[in-house]
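Below you'll find the structure I mean.
Coordinate-derived values only; no laboratory data. Please read all numbers here as calculations on a predicted model, not as lab measurements. Every residue, glycine among them, receives a Cβ derived from its backbone with ideal geometry; neighbour counts consider all protein chains shown.
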Amino acid sequence: MRGIGMFTVLLGLSGALTYGFADFLGGLSARRTRPLAVTSLTATIGIGPLLLGLVLLGGRFTPGALIWGAVAGASGSVGVLLLYTALSIGPMSVLSPVTSVFSAILPVVAAVAFGTRLSPVAIAAIVVAILAVVLVSVSRNTSGAHVTLRGLLMAAVAGCGFGGLVLAYDMTSPAEGVAPLVVARAAQALLMVAALLITKRRRAPTSAPGSQTPTLGRSFWLMVIACGVLDAAANVFIQAALHVSPTPTTLPTVSVLNALYPVGTILLASIVLRERLTMIQLGGICLGIAASVTLSLS
């Protein structure tokens with residue numbers, strides 16, 4: 001696994017933590033309005049900082065950037081929509097780890113299928129990192145919801161959607177710069193807004209007469225804007241991690257590190273909401289750190 005250095009790992013972990021921070025803010029925002037409305041807003045807001053990055057860092061809208069950017073946007077949208085659907089019908093304590101694991105496994109399997117050879121140390125580190133993903137994602141089931149085959153399948157496909165996003169970014173060229181990210185975010189915004197309008201139209205007849213839409217205050221909009229900016233930044237980190245090293249083992253490494261995004265969510269939850277980390281989650285964080293260091297040195 002020569003060529004995978006600390007810089008790749010730091011970028012991958014930075015992307016994962018930033019994704020986790022964005023998810024935390026998105027989760028808080030979703031308590032005040034529909035989750036799909038929040039994802040539509042954050043996806044649209046995220047276009048702004050990426051356009052700024054395009055101006056500052058440059059980029060080329062080649063056919064490859066357009067195609068793989070669109071694939072990334074569609075994959076991310078499928079992941080978000082199916083994850084929210086799965087969590088609405090089953091326990092988060094089970095389905096969330098399933099999504100995280102599949103988001104890590106799909107790019108690893110794809111890399112190995114296309115000829116990437118991993119050293120025994122690297123394989124062990126990846127297995128430990130996936131175990132860390134499961135432990136970090138585990139939470140107590142207080143909803144009373146039961147696991148169903150439909151929920152498991154949706155969570156698994158959602159994870160494949162997130163893994164597909166990483167695969168699509170890996171297919172882009174470093175010379176294309178931020179351009180594929182702009183295309184991906186625009187595609188995701190369009191799909192999210194379309195899904196929001198479709199579901200809103202279906203729900204409209206069931207709305208209670210005279211019901212009022214809750215007022216969204218300044219704090220809500222600040223959280224949504226911050227979520228959109230952080231989510232866009234996370235995509236930049238992940239793409240940079242994929243391109244900083246030309247070795248074929250970069251993809252499986254970055255995909256596993258990216259799946260550690262729940263670490264960022266639970267860390268912010270412990271700081272802002274004073275939620276106590278469980279011993280299982282602390283163990284998962286420690287394993288994730290150990291696996292990351294091992295990957296960087298192997």
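Starting from 0.36 nm per residue, how many nanometres of slack lie between LYS200 and MET171 once their C-alpha separation is accounted for?
Extending this stretch completely gives an extra 6.9 nm.
Considering only PRO180, TYR84, THR250, whose Cα is most displaced toward the positive end of the charge dipole of the chain, charges sitting on Cβ of Lys, Arg (+1) and Asp, Glu (-1)?
TYR84
How tilted is helix 120-137 with respect to the longest principal axis of the chain? Cα atoms for both, answer in degrees (0 to 90, nearest 10).
20 degrees
With everything on Cα atoms, drop me the angle between helix 6-30 and the longest principal axis of the chain, reported from 0 to 90° to the nearest 10.
10 degrees
So if R0 is 35 Å, what FRET efficiency would ARG32 and ARG150 give, r being the distance between their Cβ atoms, rounded to the nearest 0.05?
Taking R0 as 35 Å, the efficiency between ARG32 and ARG150 is 0.80.
Which of ALA70, ALA175, ALA129 ends up with the largest GNM mean-square fluctuation for the chain, with Cα atoms connected below 10 Å?
Top of the fluctuation ranking is ALA175.
Moving on to the next point. If I take all pairs of Cα atoms in the range 15-87, what percentage of them are more than 20 Å from each other?
Tail of the P(r) past 20 Å holds 41 percent of the pairs.
Taking semi-axes √(5λ) of the Cα gyration tensor in Å as the quantity of interest, determine which of (1) 30, 24, 17; (2) 35, 23, 17; (3) 31, 19, 17 was computed from the displayed structure.
Read-out taken from this structure: (1).
Could you sort the peptides 282-292, 217-227, 98-108 by per-residue average Cβ neighbour count (10 Å cutoff), highest mean leading?
Values: 282-292: 18.9, 217-227: 16.2, 98-108: 23.9.
So the order, starting with the most tightly packed, is 98-108, 282-292, 217-227.
With labels modelled as points extended 7 Å from the Cα through the Cβ direction, what inter-label distance (nm, one decimal) is found for ALA113 paired with LEU282?
Here the answer is 4.1 nm between the modelled labels.
Further question on the same structure: If the chain between ARG274 and LEU52 were fully stretched, how many nm would it gain, using 0.36 nm times the residue separation less the Cα-Cα distance?
Between ARG274 and LEU52, full extension yields 76.4 nm more.
In debye, nearest 20, what is the charge dipole magnitude of the chain about its Cα centre with +1 on Lys and Arg Cβ and -1 on Asp and Glu Cβ, if you could check?
About 740 debye.
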